[in-house]
Amino acid sequence: MKHTYTPALAIGIGAVAGLRALTAPALLAWAAKYRLIRLGSSPFATIISATASKRITDFAVSELIADKLPFTPSRLNAAPLASRIVSGAICGATIYGVVKRPLTEGAVLGGLGAIAGAFAGYHMRKKLSRGMPDLGVAVLEDAFAIGGGVLIIALTAASS
């Protein structure tokens, strides 16, 4: 795959972070652990690394569970949205670092993808919850985030 697709991959991993803030970094950490991607000397190599994969995964699983609880705040509130944007920016920059492109561009695209993913996920969940149980919609959203993230990482690995 050519590097011309890298912006789409950064936006995509950002959108995954917009759906689930910790799923995107957990998937990147596992990809690094199994050497599907090489983080190199990226400043994010310590945040998203093979050694951090277990800890990040624990946090990601906790987030997947907490998302189903009735007192969990909206992802569009300031703090949850900010954490998704930061996660998307870090993951977008990581994708760019893997293919040796400018990290700043990847961070901006990842952050924008996170905003788009958060708003799209919120509105889609509201719309689907009218006809389905909210738990079912939430699990579907989890599957979409994980599956999309795996696809993005596979495409990134193929382009590096």
Quiz prompt | Test for residue 56: is it aliphatic (A, V, I, L, M), in contact with a Leu (Cβ under 8 Å, 6 or more places away or on another chain), surrounded by fewer than 24 Cβ atoms within 10 Å (Cβ to Cβ) and modelled with pLDDT of 95 or more | solution = no
Practice problem: Quick one: residue 5 ticks every box in (1) in contact (Cβ under 8 Å) with a residue 60 or more places away in the chain; (2) part of a helix (DSSP H, G or I); (3) within 15 Å of residue 90 (Cα to Cα) except a single one, so which number is it? | Solution: (3)
Practice problem: Check residue 88 against each of (1) in a helix (DSSP H, G or I); (2) modelled with pLDDT under 95 and name the one condition it does not meet. | Solution: (2)
Practice problem: State yes or no: is residue 11 within 14 Å of the chain's Cα centre (by Cα), of a type in the set (Val, Ile, Thr) and closer than 29 Å to residue 137 by Cα? | Solution: yes
Quiz item: Which pairs have Cβ atoms under 8 Å, sit 6 or more apart or on different chains, and link a residue in the stretch 53-80 that is assigned to a loop (DSSP other than H, G, I, E, B) to one that is hydroxyl-bearing (Ser, Thr, Tyr)?
Solution: 74/122; 75/122; 76/122
Quiz prompt | Number of the exception - residue 114 against (1) in contact with a helix residue (DSSP H, G or I) (Cβ under 6 Å, 6 or more places away or on another chain); (2) more than 26 Å from residue 45 (Cα to Cα) | solution = (2)
Exercise. Using the structure shown, decide if residue 15 is surrounded by 15 or more Cβ atoms within 10 Å (Cβ to Cβ) and among the hydrophobic types (A, V, I, L, M, F, W, C).
Key: yes
Practice problem: Could you look through the stretch 57-78, keep only residues that are of a type in the set (Asp, Glu) and within 22 Å of residue 119 (Cβ to Cβ), and pick out the one that is nearest to the chain's Cα centre (by Cα)? | Solution: 63
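Yes or no, residue by residue, for (1) modelled with pLDDT of 95 or more; (2) within 16 Å of residue 80 (Cα to Cα); (3) among the aromatic types (Phe, Trp, Tyr); (4) not in a helix (DSSP H, G or I):
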| residue | (1), (2), (3), (4) |
| --- | --- |
| 108 | yes, no, no, no |
| 112 | yes, yes, no, no |
| 115 | yes, yes, no, no |
| 120 | yes, yes, no, no |
| 127 | no, no, no, no |
| 132 | no, no, no, yes |
| 146 | yes, no, no, no |
| 149 | yes, no, no, no |
Exercise. Within the stretch 64-106, work out how many residues are surrounded by fewer than 24 Cβ atoms within 10 Å (Cβ to Cβ), of a type in the set (A, V, I, L, M, F, W, C) and farther than 30 Å from residue 136 by Cα.
Key: 2
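The values are calculated or read from the model by the stated rules, or taken from the named source; none is laboratory data. Because the structure is a prediction, the values reported are computed rather than measured. Don't worry about glycine lacking a Cβ; one is built from the backbone with ideal geometry, like all the others, and counts go over all protein chains shown.
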